[in-house]
Amino acid sequence: MGLYEGENTWREEIYQFETTDLVIGGPDGIDNKPLKELADRTTWLRNAMRGYNGLTIVDATKVLTKTEVLLNLVLLNITGNAAVTLPILSADDKGLRIAILSISAKQITLNLNVKTLSSGTRTNLFIADGEKIELVWDGAVFILLDYSGNFLNVGDFDYGYKQKTNTVIAQGDLLSRADYPRLWEYVQTLGSSLITDLQWNSVPNSKGFFSTGNTTTTFRVPDLRGMFIRSLDLGAGISLGRNSEYPGGYEADDFKAHTHTMNDVPIGQEYSADRGNSRNSKDASSPQTGSTGGLETRPKNIGLIPLIKV
């Protein structure tokens, strides 16, 4: 007795015997044809329920096929900059899901028509090391169904005890646009918070902004070392000393204007034993207190590394 295990193939149709068919058994017998097609479906469904049927490993620029993404985890293991194009699907493929994981050294461009919650329909996504996305085809475009990584919060600031994956330290470095395409795409939307590199380096207190770098291949991130973050005034009338009301604008340290009451005493006489201060004999109308304090005005704080998500 022969046994048939079933292939990992989805059969759209199952053969129906015709009245003129001759009953013939065996591996190629027509009476076993519909049974084999049903067994193939069962094998396909079993594999679909238990997870990915296999891996499609991509190590260079590539155009994927439908067969390579169907039930497979697409694993991007690429050394340099590259672009991967998803397959062209039809309306009949509605509901097809594609999962992509990157363990690549640099951000990889995914060419596809995709809808995201934050930016509507776009023609590409950038996926970084350790990130995963799951897409579903709606018959016309892909929809970003699930993701892990910085897809929707590129450019956000964070703080930590050490640098985290897919972040850069906000210390004013020049970055390659090719190596950080996702952050550069975000930076180009910042309007007046994006200045020239000449302004960044020469105009006082401009290092809280991004710069256009060399205007062709690089851009610069802000330098937030030693800085506190404070909300912009935005018309509230509370913080009025900022050099720019654009995000990244600098505000110098200060303390609120106030006066001290001092008793008038003869020149040279100590005001009090505990303060140890005396009137300035050179200017009897301007009594002074002794100097106190440190190198800057600051509240109590804990120092962490300033990070930008890329």
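Quick note: the coordinates plus some simple rules give every number you see, no bench work behind them. Everything numeric in this text was worked out from a predicted model, so none of it was measured. Cβ atoms come from the backbone with ideal geometry, glycine included; neighbour counts cover every protein chain shown.
Report, to one decimal in Å, the Kirkwood hydrodynamic radius for segment 62-147 based on all distinct Cα pairs.
Working: mean 1/r = 0.0774 Å⁻¹.
Averaging 1/r across every pair of different Cα atoms and inverting gives 12.9 Å.
Using per-residue counts of other Cβ atoms within 10 Å, averaged over each peptide, order 70-83, 233-246, 101-114, 294-307 from highest down.
Ranking, from highest mean packing down: 101-114, 70-83, 233-246, 294-307.
Could you calculate the contour length gain from Ile14 to Lys300, that is, 0.36 nm times the residue separation minus the distance between their Cα atoms, to one decimal place in nm?
95.5 nm
Enumerate the calculated ³J(HN,Hα) couplings along segment 175-184 in order (Karplus 6.51 cos²θ - 1.76 cosθ + 1.60, θ = phi - 60°), each rounded to whole Hz, writing x wherever the residue is Gly or Pro.
10, 7, 5, 5, 7, 10, x, 5, 5, 5
With angles folded into 0 to 90 degrees, how steeply does helix 33-50 sit against the dominant principal axis of the chain? Use alpha carbons for both and round to 10.
Between helix and principal axis, roughly 20 degrees.
At Gln188 and Asn113, where each label point lies 7 Å from the Cα along Cα→Cβ, what is the point-to-point distance in nanometres?
2.1
Between rounded, prolate and oblate, where does segment 142-272 land on the alpha carbon gyration tensor, with a ≥ b ≥ c its root eigenvalues, rounded for a/c under 1.5, else prolate if a/b exceeds b/c?
prolate
Within 14 Å, Cβ to Cβ, of Leu89, how many net charges do the neighbouring residues add up to if Lys/Arg are +1 and Asp/Glu are -1?
The answer is -1.
Using 0.36 nm per residue of separation minus the Cα-Cα distance, give me the extension gain between Thr216 and Asp254 in nm, one decimal.
Length difference between fully extended and current span is 9.8 nm.
Which net charge results for the neighbourhood of Gly160, defined as the other residues with beta-carbon distances under 15 angstrom from its beta-carbon, given Lys and Arg at +1 and Asp and Glu at -1?
Local net charge: +2.
Obtain the nm distance between the two label points defined at Arg242 and Leu152 by a simple spin-label model: each point lies 7 Å from its Cα along the Cα-to-C-beta direction.
With each label point 7 Å from Cα toward Cβ, the separation is 2.7 nm.
Quick check on segment 83-133: take the gyration tensor over C-alpha atoms, sort the square-rooted eigenvalues as a ≥ b ≥ c, and tell me if it's rounded (a/c under 1.5), prolate or oblate.
Prolate, since a/c reaches 1.5 and a/b exceeds b/c.
Choose one of Ala170, Thr297, Ile133: the residue whose Cα lies farthest towards the positive end of the charge dipole of the chain (beta-carbon charges +1 Lys, Arg; -1 Asp, Glu; about the Cα centre).
With unit charges placed on the Cβ atoms, the residue in question is Thr297.
In straight Cα distance, which lysines are under 23 Å from Lys309, not counting same-chain residues fewer than 8 positions off?
Within the straight-line limit of under 23 Å, Lys309 reaches these lysines: Lys106, Lys115, Lys132, Lys162, Lys164, Lys207.
Students often check this: by mean Cβ neighbours within 10 Å, which of 206-216, 84-94, 157-167 ranks highest, and how do the rest follow?
206-216, 84-94, 157-167
Give me the orientation-averaged projected area of the Cα convex hull of the chain, in nm², one decimal.
Orientation-averaged projected area of the Cα hull: 27.8 nm².
Can you give the net charge of the other residues whose Cβ lies under 9 Å from the Cβ of Thr212, counting K and R as +1 and D and E as -1?
Details: positive: Arg220; negative: Asp197.
Summing Lys/Arg as +1 and Asp/Glu as -1 gives 0.
Using a Förster distance of 51 Å, how high is the FRET efficiency between Leu198 and Thr121, based on the Cβ-Cβ distance and rounded to 0.05?
The value I calculate is 0.90.
Each residue of segment 233-240 in turn: what ³J(HN,Hα) in whole Hz from Karplus with 6.51, -1.76, 1.60 and θ = phi - 60°, glycine and Pro shown as x?
5, 6, x, 6, x, 9, 10, 10
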